[in-house]
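> Take a look at this one; I'll ask things after.
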Amino acid sequence: MVDAAVELVDYDVDWPRRFVAERSFLAEVLAPWSAGPIEHVGSTAIPGMAAKPVIDMMAAVESLDASRPALAALERVGYCYAPYRSDVMHWLCKPNPAVRTRHLHLVPFGSVLWHDRILFRDRLGADAALAAEYLALKRELAVRHAMDREAYTDGKGPFIERVLKEIRARPGL
């Protein structure tokens, strides 16, 4: 399988509009399996953050088993399914792995992964210094792993885990 290279671009003020348009479209397609909102996650959801030019979305489902039929419905409208981290989500991309404009993660609503992605997005959006630190890491990893998306993603893991640990250590969480 040919995979898209890791390439970061400057923040695009049109990313939120693209998310809203795709969310509206997906809300209809996913209605039979929806258990909550469709969220804009990932770096394109952080104002000012350079990112791969791929809109990352997370759609709430009741369970992975119950939402399995959604995969065929999504494939009919241009999404490609891949069994990436299939123990915690259904992962799809559009239009294909070599040229991506959208990532869609079907995630059980209220799961650890659901909460972690929301917490991380919101924390980066609220802390410019932390967002700058994350961006510097992403730029370094994009150069080092330009042709290995898995290594790029894995390289961000320790930073993400550190931020989530700090969030959880705060009183009231």
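> Just for strands (runs of 3 or more DSSP E) wholly inside region 1-101: which have at least 2 residues that are touching a residue at least 12 places away in the same chain (Cβ under 8 Å) and in contact with a Ser or Thr (Cβ under 8 Å, 6 or more places away or on another chain)? Reasoning before the result, please.
Details: elements: 34-41, 55-61, 80-82, 90-96.
Ranges flagged: 55-61, 90-96.
> Let me ask another. When residues of region 61-72 are filtered for being touching a Phe, Trp or Tyr at 6+ places or on another chain (Cβ under 8 Å) and under 14 Å from His105 (Cα atoms), how many remain? Steps first, please.
The first filter runs over region 61-72 and keeps only residues touching a Phe, Trp or Tyr at 6+ places or on another chain (Cβ under 8 Å), leaving 61-62, 66-67, 69-71.
Going one step further and asking which of them are under 14 Å from His105 (Cα atoms), we end up with 61-62, 67, 70-71.
Count: 5.
> Just checking, how many residues over region 1-19 are modelled with pLDDT of 95 or more, exposed (fewer than 13 other Cβ atoms within 10 Å of the Cβ) and more than 19 Å from Ala131 (Cα to Cα)? Quick ask: steps written out before the conclusion?
Narrowing region 1-19 to residues modelled with pLDDT of 95 or more: 8-19.
With the extra rule that they be exposed (fewer than 13 other Cβ atoms within 10 Å of the Cβ), the set shrinks to 9-10, 13-14, 17.
Then keep just the ones that are more than 19 Å from Ala131 (Cα to Cα); that gives 14, 17.
Summing the residues that are modelled with pLDDT of 95 or more, exposed (fewer than 13 other Cβ atoms within 10 Å of the Cβ) and more than 19 Å from Ala131 (Cα to Cα) in region 1-19 gives 2.
> I've got another one for you. On the given criteria, is Thr101 farther than 21 Å from Gly48 by Cβ and polar (S, T, N, Q)? Steps first, please.
Details: farther than 21 Å from Gly48 by Cβ: no; polar (S, T, N, Q): yes.
Spelling it out, it is not the case that Thr101 is farther than 21 Å from Gly48 by Cβ and polar (S, T, N, Q).
> Please go through region 125-162 and pick out each residue that is surrounded by fewer than 13 Cβ atoms within 10 Å (Cβ to Cβ) and within 17 Å of Val54 (Cα to Cα).
Once the filter is applied, which keeps residues that are surrounded by fewer than 13 Cβ atoms within 10 Å (Cβ to Cβ) and within 17 Å of Val54 (Cα to Cα), region 125-162 yields Arg139, Met147, Glu150.
> Now a separate question. Taking Pro47, is it over 27 Å from Asp148 (Cα atoms), touching a helix residue (DSSP H, G or I) at 6+ places or on another chain (Cβ under 9 Å) and either of a type outside the set (Gly, Ala, Ser) or at pLDDT below 95 (or both)? Talk me through it step by step, then tell me what you get.
On the way: over 27 Å from Asp148 (Cα atoms): no; touching a helix residue (DSSP H, G or I) at 6+ places or on another chain (Cβ under 9 Å): yes; either of a type outside the set (Gly, Ala, Ser) or at pLDDT below 95 (or both): yes.
The answer is no for Pro47.
> So which residues in region 94-109 are modelled with pLDDT of 95 or more and buried (at least 18 other Cβ atoms within 10 Å of the Cβ), if there are any at all?
Hits for region 94-109 are Lys94, Arg102, His103, Leu104, His105, Leu106, Val107, Pro108.
> Can I ask one more? What is the number of the single condition among (1) free of Cβ contacts under 8 Å to residues at least 40 places away in the same chain; (2) part of a helix (DSSP H, G or I); (3) among the basic types (Lys, Arg) that Arg117 does not meet?
So Arg117 meets the others, but not (1).
The values are calculated or read from the model by the stated rules, or taken from the named source; none is laboratory data. Remember, it's a predicted structure, so these values are computed and weren't measured experimentally. Quick reminder, even Gly has a Cβ in these numbers, built from the backbone with ideal geometry, and neighbours come from all protein chains shown.
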